[in-house]
Amino acid sequence: MHLIEALKIFWQVLWGKKVIDAEEAQRQIRELEQRIEELQNSQRAANQISARDEGAVLALRLLQRESRLIDFLMEDIGQYPDAQVGAAVRRIHDEAAKTLREHFTPEPVIPCEEGKTFQLDQPEPQRIRLSGNVPESPPYRGTVVHRGWKAGRVKLPESTHGIDSQVIQPGELQL
């Protein structure tokens, strides 16, 4: 409410004038209640994340739980000696790789080793990126720079209702 409107109402009440009738008051109350409900619904929608995003957070949650990958990546490692960082990386690598194999079964997109020659008979831009001197039409024959990765299968735990789907790792408070 604006200050001027508030002052007008104040003076009307002070001098005993009727500010609004009951029907108008009920109409305004209904409008306000409807607006409050709309705001609450939009807030609820803003707090919910899509199933796709929830799956991504779940994957991060697994990597954090099994290898503490997020802790490591968010840590400023510049202050630690290389030997200590190397030891931490080895453990994180082993645990994160185990988690990836268990839940995503990564498989190479290109079925041969890097550095080897591979021929692509038809373009597959979603799976294989062509670089260098690319001819206008297939077949495309070149050296594998990176094999690429795809998820052979995805085996994520079922979503648990009642947990905040945006939380990767809950905070911890020791008492």
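The values are calculated or read from the model by the stated rules, or taken from the named source; none is laboratory data. Every value quoted in this text rests on a predicted model; they were computed, and no experiment measured them. Quick reminder, even Gly has a Cβ in these numbers, built from the backbone with ideal geometry, and neighbours come from all protein chains shown.
Looking at this structure, is V134 assigned to a loop (DSSP other than H, G, I, E, B) and touching a residue at least 12 places away in the same chain (Cβ under 8 Å)? In short, no.
Restricting I128, I92, I110, I70 to residues that are touching a helix residue (DSSP H, G or I) at 6+ places or on another chain (Cβ under 9 Å) and farther than 23 Å from D164 by Cβ narrows the list to I92. Kindly establish whether R127 is in the same structural domain as I70 (by TED's automatic domain parsing) and within 23 Å of A97 (Cα to Cα). Criteria not met by R127.
Give the residues of region 106-131 that are without any contact (Cβ under 8 Å) to a residue 40 or more places away in the chain and of a type in the set (A, V, I, L, M, F, W, C), sorted by residue number.
Hits for region 106-131 are I110, C112, F118, L120, I128, L130.
Each residue in region 131-157 was checked for being surrounded by 12 or more Cβ atoms within 10 Å (Cβ to Cβ) and touching a helix residue (DSSP H, G or I) at 6+ places or on another chain (Cβ under 7 Å), and 1 of them qualify. The set of residues in region 20-55 being among the hydrophobic types (A, V, I, L, M, F, W, C), modelled with pLDDT under 85 and loosely packed, with under 12 Cβ neighbours inside 10 Å consists of A22, A25, I29, L32, L39, A45, A46, A51.
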